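Below you'll find the structure, written out as structure tokens, and then a few comments.
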Amino acid sequence: MVHARLFTMDGPGVGFIPDGAVAISGSRIAAVGRTADMRRDYDAAEIVDCRGDIVLPGLIDAHMHTGIALLRGIAQDMDHWMQLGIWPFRRHLTSEMAVAGSLVNIIEAMQAGTTTFGDYNSNMKQLLPHYQRLGARARVAEMIHSLPPQQGALQPGQLYPLDDTVGSALLEKNIQLYERWQGADDGRFSVLFGPQGPDLLGPELLQDVYAAARQRQAMVHMHVAQGDREILQMQLRYGKRSIAYLDSHGLLGPELLAVHLTEANTNEVKLLAKRGVSLVYCPGSIGIIDGLVPPVTEFLGYGGKAALGSDQLPGNNCSNMWNEMKLAALFNKIKHSDPKVLPAWKVLRMATVDGAAALGLGGEVGSLVPGKYADIIRVDAQATALSPILDESLRNIVPNLVYSLRGHEVHWMMIHGSVVMAERRLLHVDAAAAVAAAQKKAEEMASKAHQEGDLDASPLKRWTEQGFL
């Protein structure tokens, strides 16, 4: 790849090379530098001219639930979004429906530049063939909880019943997932352990999950302090807030990937950073469903490592990492009344090299440096959203990428050294057919929920009847 406006993300900034080139050998990057130097020092079987392109590492979505993608758009603008928005549909979501929706979710994210997926679902093994087929990189976990069936009948504030025999069976599924997929497809797949939250499984089972992860040197992917619902459950059951509880059991450390931290206070954030915990910040999801901005800037200020995630389509509506970058910067500027907070270059790093480090993939992806996997995207520099481009006395490219790009400007993608998208067409899937199949399954799900009266409490049903939707 030659003659690119190249952002390697190497070093403390964005690693810009104005006329850059990348040499690829097999699945990995062999060399990076100026085009003139690379053309002089290297021979290539194929040369790709990237004039008119901005070339970057593939984007990393560190936390998402693609298995509930068919529930897109049913849990916004309401209190108790899970109980009133998700649960009325969730019990009608069959495994076939989850598989159909997941494929569309992954396609959407790839078309906007995501190459690495931190997917976190129940029945994860059913979804991994999508990643295998599409050629994407996946770092996944089985969602482990101890909620018995019919948890959808619970009311806000009610103490959840827990049955650790349920959770033990899910832990076994996570172990089986690890044994089958860890390191599969030449290292494109890796497996974490996924307790859903400290409030959703008992202390002995949580210790068992950590023991299984530590035995395999795997990370733990868990929602932590994700909302007042969780904090209330922890205080009712254990008399402690989530982070203090985890710390008292020796469960805060570099192996933990903590998602959200919506309700974490200053002392808790400081403790997490001190313990080496990594954070996944999901600005769009938490902004829409909770109207809050988690303490990501505070966490970074204490030296913590943070990634970005799109979370889930019921609340966030989209899996577009350009959107998450913009919202992360925007929300925190507003929260702190300071336009200097989370500048564009910083959130771009959170979606690439810093996100890879938080996800435990810092040595493999996230920047364009020799030895890392060749996960690369090309963005059309002629797109109206990037015009005009200034890159001599000062550069405006990164601010325009973060604050203006919509995702469709990404037109080419390579993952693990193989081209998987060209001219905005994913090469290994019929996207239109996938959308049509998911639509049919979504209509079946909604029909069942309607027939059984499960939608009666949904604000969206009322607003539909009133003509607001």
Of all the residues that make up segment 29-55, how many are touching a residue at least 60 places away in the same chain (Cβ under 8 Å) and surrounded by 17 or more Cβ atoms within 10 Å (Cβ to Cβ)? 6
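Every residue in segment 160-174 that is over 13 Å from residue 202 (Cα atoms) and over 22 Å from the mean Cα position of the chain (by Cα), please.
Listed by number, the residues that qualify are 169, 172.
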Cβ-Cβ under 8 Å, sequence separation 6+ or interchain: first residue in segment 392-403 and closer than 13 Å to residue 7 by Cα and in the same structural domain as residue 14 (by TED's automatic domain parsing), partner among the β-branched types (Val, Ile, Thr) and not in a loop (DSSP other than H, G, I, E, B). Which pairs? 397/54; 401/54; 401/379
Is it true that residue 375 is among the acidic types (Asp, Glu), closer than 23 Å to residue 6 by Cβ and not assigned by TED's automatic domain parsing to the domain that holds residue 135? yes
Within segment 418-456, restricting to residues that are surrounded by 18 or more Cβ atoms within 10 Å (Cβ to Cβ) and assigned to a loop (DSSP other than H, G, I, E, B), the one that is nearest to the chain's Cα centre (by Cα) is 429
Can you tell me which residue among 370, 343 is surrounded by fewer than 18 Cβ atoms within 10 Å (Cβ to Cβ) and either of a type in the set (Phe, Trp, Tyr) or closer than 17 Å to residue 299 by Cα (or both)? 343
So for segment 188-198 (the condition being of a type outside the set (D, E, K, R), under 25 Å from the mean Cα position of the chain (by Cα) and over 19 Å from residue 258 (Cβ atoms)), does at least one residue qualify? yes
Every residue from segment 371-397 that is in contact with a Gly (Cβ under 9 Å, 6 or more places away or on another chain) and of a type in the set (A, V, I, L, M): 374, 376, 377, 379, 381
So the helices (runs of 4 or more DSSP H) completely within segment 75-145 holding 2 or more residues that are farther than 30 Å from residue 217 by Cα, over 16 Å from the mean Cα position of the chain (by Cα) and among the aromatic types (Phe, Trp, Tyr) are 87-90
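Can you find even one residue in segment 200-216 that is of a type in the set (Ser, Thr, Tyr), part of a loop (DSSP other than H, G, I, E, B) and either surrounded by fewer than 24 Cβ atoms within 10 Å (Cβ to Cβ) or touching a His at 6+ places or on another chain (Cβ under 9 Å) (or both)?
no
Report the residue count in segment 166-199 for those that are more than 30 Å from residue 374 (Cα to Cα) and outside any helix (DSSP H, G or I).
Final tally of qualifying residues: 5.
Do any helices (runs of 4 or more DSSP H) lying entirely in segment 218-323 carry at least 2 residues that are of a type in the set (D, E, K, R) and surrounded by fewer than 20 Cβ atoms within 10 Å (Cβ to Cβ), and which ones are they?
Numbers: elements: 228-238, 242-248, 266-275, 283-290, 296-301, 313-316.
Filter on segment 218-323 gives 228-238, 266-275.
Every residue, every condition in (1) within 14 Å of the chain's Cα centre (by Cα); (2) among the small types (Gly, Ala, Ser), yes or no:
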site	(1), (2)
296	no, no
300	no, no
331	no, no
337	no, yes
341	no, no
351	yes, yes
363	no, yes
Is there a residue in segment 74-83 that is of a type in the set (A, V, I, L, M), out of contact with any Gly (no Cβ under 8 Å at 6 or more places or on another chain), closer than 27 Å to residue 224 by Cβ and assigned by TED's automatic domain parsing to the domain that holds residue 324? yes
List pairs: first in segment 301-326 and at positive phi, second small (Gly, Ala, Ser) and at pLDDT below 95, Cβ under 7 Å, 6+ apart or cross-chain? 317/73
Residue check for residue 60: in contact with a Leu (Cβ under 7 Å, 6 or more places away or on another chain), among the aliphatic types (A, V, I, L, M) and crowded, with 24+ Cβ neighbours inside 10 Å: yes
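The values are calculated or read from the model by the stated rules, or taken from the named source; none is laboratory data. The structure presented is a predicted model; accordingly, all values stated were derived computationally and were not measured. So basically every Cβ, Gly included, is an ideal-geometry build from the backbone, and we count neighbours across all protein chains shown.
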